[in-house]
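The values are calculated or read from the model by the stated rules, or taken from the named source; none is laboratory data. Worth saying up front: this structure is predicted, and the values here are computed from it rather than measured. A quick note on method: Cβ atoms are made from the backbone with ideal geometry, for glycine too, and the neighbour counts reach across all protein chains shown. Protein only, heavy atoms only, side chains kept; ligands, DNA and RNA dropped before computing areas. Shrake-Rupley method; radii C 1.70, N 1.55, O 1.52, S 1.80 Å.
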Amino acid sequence: METDWEAYGWERLGEGVGRRRLPGWDATVGLVTGRDAVLLYDTGATLAQGAEIHADVAALTGGRRVTHIALSHPHFDHVLGTAVFAGAEVFGAVGVDALLRREADELRADSVRQGVDEAVAAEAVEALVAPRHTVSGEWTLDLGGRQVLLANVGPGHTGHDLALFVPGAAEVVFCGDLVEESGEPQAGPDAIPTRWPAALDRLLSLGGEEAVYVPGHGAVVDAAFVRRQRDELARRFEVS
């Protein structure tokens with residue numbers, strides 16, 4: 001019998017597929033299990049959040065460990081728990097590895113500005129694990145009896161936006177912060193807003209009309225929501 005995901009604060013999206021909205025910044029983490037491997041999409045804002053996710057995964061999977069991590073984009077609330085998952089193969093959009101090393105001080109400073117304790121932020125950044133595998137187009141991962149697709153669909157929210165497509169009876173697209181439901185999409189200094197609508201077009205092409213779309217922040221949405229947000233961004237940034 002499959003574990004009760006809700007008992008651990010997770011939302012089941014399909015067989016062996018779920019997500020959790022983390023406290024603090026309402027960031028999503030996603031989980032996909034196969035026969036041979038366990039994939040985590042994003043890792044939380046601190047090492048403590050990472051450790052909590054680690055414990056959740058063990059409980060949900062009967063003690064299995066995370067073997068693969070995909071980082072949606074290089075913002076603190078999505079990457080700073082990565083070091084907890086020792087031995088996992090880490091994936092990110094091409095260029096994100098160098099950016100995380102180069103911009104480590106800014107990553108720490110941004111997390112502190114957003115409310116992370118200075119010592120906690122410093123510890124997480126010191127331990128930060130950059131992706132070893134970088135995705136320039138698409139990358140298929142075989143988790144054992146299940147294949148998933150990592151797709152570099154950006155730039156948009158940042159210059160390094162990586163989506164995750166999970167085929168199944170109910171297809172699931174993990175969008176990172178290219179899509180936000182709990183507030184207006186955030187365009188910070190590293191956003192490329194003129195390219196953002198096209199990134200959402202690529203997400204929609206990936207998932208189609210019937211897929212479940214999982215935002216980086218907020219409730220699960222459908223293709224119509226993604227399309228409306230795409231059109232709103234196009235108007236906001238005066239992009240056709």
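Tabulated data
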quantity: Student exercise, the chain dipole from Lys, Arg, Asp, Glu Cβ charges, in Debye to nearest 20; calculated: 380
quantity: Modelled FRET efficiency - R0 22 Å, residue 61 with residue 219, Cβ distances, 0.05 increments; calculated: 0.35
quantity: Label point distance in nm, residue 227-residue 126, each placed 7 Å from Cα along Cα→Cβ; calculated: 5.1
quantity: Residues residue 36 and residue 101, FRET efficiency given R0 of 41 Å [Cβ-Cβ distance, rounded to 0.05]; calculated: 0.85
quantity: Under the span-like rule (Cα at least 18 Å along the axis, Kyte-Doolittle mean at least 0.0), DSSP H helices of the chain; calculated: 47-61
quantity: Around residue 154: net Lys/Arg minus Asp/Glu count, Cβ-Cβ under 14 Å; calculated: -2
quantity: Under-5 Å amide H pairs with residue 27, H placed in peptide plane, nonlocal only; calculated: 22
quantity: With every protein chain in place, the chain: carbon and sulfur % of accessible area (1.4 Å); calculated: 48
quantity: Average projected area [Cα convex hull, the chain], square nanometres; calculated: 11.7
quantity: Positive minus negative residues near residue 131 (Lys, Arg vs Asp, Glu; Cβ under 13 Å); calculated: -1
quantity: Protection-proxy order for peptides 38-49, 181-192, each taking the mean of Cβ atoms within 10 Å per residue, highest first; calculated: 38-49, 181-192
quantity: FRET efficiency, 1/(1 + (r/R0)^6) with R0 45 Å, evaluated for residue 147 and residue 117 via beta carbons; calculated: 0.65
quantity: Average accessible surface area per residue within the stretch 1-82, 1.4 Å rolling probe, Å²; calculated: 37
quantity: Helix-only CD estimate at 222 nm, as mean residue ellipticity for the chain, using -39500 (n - 2.57) per DSSP H run (n ≥ 4); calculated: -9000 deg cm²/dmol
quantity: Euclidean distance between Cα centres, the stretch 69-122 to the stretch 135-158, Å; calculated: 19
